[in-house]
Amino acid sequence: MTNKELMLMTDFYEYTMSYAYFKENKHEEIAYFDMFIRRIPDGGGFMIFNGLHRFIDFVKNFEFDEECIDYLRKTNCFDEEFLAYLKNLKLTVDIWACKEGTPVFANEPLVTVRGTLIQAQILETILLICINYATLVTTKGYRIVQAAQGRGVLEMGSRRAHGMDAAVEGARAAYIAGCTGTACTAAGVKYGIPVSGTIAHSYIQLHDNEFEAFKSYAQIAPDSCVLLVDTYDTLHSGIPNAIKVAKEELIPNGHRLKGIRIDSGDLAYLSKKARKMLDAEGLEDCKIIVSNSLDEFIIDDLILQDAKIDTFGVGENLITAKSTPVIGGVYKVVASEKNGEITPKIKISGNIEKLTNPGFKKVIRFFDNETNEAIADILALKEEVINKDEYLLFDPTAPWKQKRISNYHYIELQVPIFVNGECVYDCPTTEEVRKYCEQQMDTLWDEVKRQRYPHRYYVDYSEKLFNMKNELIKQNTVKI
């Protein structure tokens, strides 16, 4: 995207509000905004935070060039004084965020922005674009990888992705979640993700017959030969021809048939039949790869049926997170600051889930010292000191439900990313994020990671935050 397109990747109200702040002479006032997700997709027990790398790049390169200003001028909504202000605007924001690959939960601040009203407001849409999609697909990808129970999962959804950008970023998200690689070549170029691909049905159809197509490909790619066997008839044509090519072309020349792929039909039945046919001909090492609109639930069913599958190729249901294609990430003001004093702000709504958590906060995660399993998270005010010896957890929706914990250690999930507009965070490589994600997901109970009806992970409040929130609700409730 051009700088103009990227800088104007905003909802227009961000500019109309900014203009109003400017005309009211409020534009240099300080506010705090939290980005959080209201609901975990697919009825799951967790999400995996992702997309920070792109937001960091945007903030680093933030600049209104003349093209941007010219476009805003043509809307006839802003005066020249405001446009000149934008053109000279340099970000001085402070930003805290979770690390990519961190398991997170609903209503936890994932990113917090402190800045002048205009600076903080203009970042809203681009932040949500960066985080929402990447977090959604990483979460979906992990669920699919988890369902595969150690078998390989290849991401192959580019052609069904919602645009070129989604194809590349979706492939990265899937790889971080544990997929073995991608069919998206551009993702390999940009992020160093392993790429994989063999032949399509068209290759077979454009040869005189299936055997000749298989033989031709085996001669061209003898060390990586995977044959697509369902073009005509999987059991009576495809697999017999693959076996014939293996025995007549590959094995005599010192090579092995690496695999077959089945892309249609009853995958459980066909894979079991294929395994028997391959093994009977001494091809026990030949892998069976399947595809065809797979997701975590279909994969789970295939494994329950003892399907003989080594690798799952997953496309549209992963890259679009088809079962829950939207994640409810929002960006809400939580405090203002004047003369160094922070004033909490709250949004009260007729929808309970839209009630916000006020104040400048931090997210603390407690871990059991013996097992290193995550015990619970709490939202606390930033200035609070957390006791290192024992802590009283309580459910904010049912405060009489309490648990006193000890023998723990804790971390603050958000880390500084920008200080006064300068980046203070070294972005890890994609491979490092993938490894970090695997390590962090291992700290969650298996019950929390369950595909269906997962155990609810506890996200509680500190006593100070709980009291502050209730007091603000009382102050802002209209008595009828």
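The values are calculated or read from the model by the stated rules, or taken from the named source; none is laboratory data. Everything quoted here is computed from the prediction, not taken from an experiment. Cβ coordinates were reconstructed from backbone atoms using ideal geometry, including for glycine residues, and neighbour counts include every protein chain displayed. Heads up: the accessible areas ignore ligands, DNA and RNA and are worked out on the full protein's heavy atoms, side chains in. Shrake-Rupley method; radii C 1.70, N 1.55, O 1.52, S 1.80 Å.
Tabulated data
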| quantity | calculated |
| --- | --- |
| Every residue from region 275-291 that is of a type in the set (A, V, I, L, M, F, W, C) and either farther than 24 Å from G315 by Cα or open to solvent by less than 10 Å² (accessible area, probe 1.4 Å) (or both) | M277, L278, A280, L283, C286, I288, V290 |
| Looking only at region 83-92, and only at residues there that are surrounded by fewer than 19 Cβ atoms within 10 Å (Cβ to Cβ) and touching a helix residue (DSSP H, G or I) at 6+ places or on another chain (Cβ under 8 Å), the one that is nearest to C437 (Cα to Cα) | T92 |
| Verdict on N339 being surrounded by fewer than 21 Cβ atoms within 10 Å (Cβ to Cβ), over 30 Å from D11 (Cβ atoms) and within 27 Å of the chain's Cα centre (by Cα) | no |
| Residue within region 108-119 that is open to solvent by 10 Å² or more (accessible area, probe 1.4 Å), under 26 Å from G315 (Cα atoms) and in contact with a His (Cβ under 8 Å, 6 or more places away or on another chain) present | no |
| Odd one out for K354, checked against (1) surrounded by 14 or more Cβ atoms within 10 Å (Cβ to Cβ); (2) under 25 Å from the mean Cα position of the chain (by Cα) | (1) |
| Residue in region 23-36 that is farther than 24 Å from L136 by Cα and aromatic (F, W, Y) present | yes |
| Strands (runs of 3 or more DSSP E) contained entirely in region 375-473, each with at least 2 residues that are under 28 Å from the mean Cα position of the chain (by Cα) | 408-412, 415-419, 459-461 |
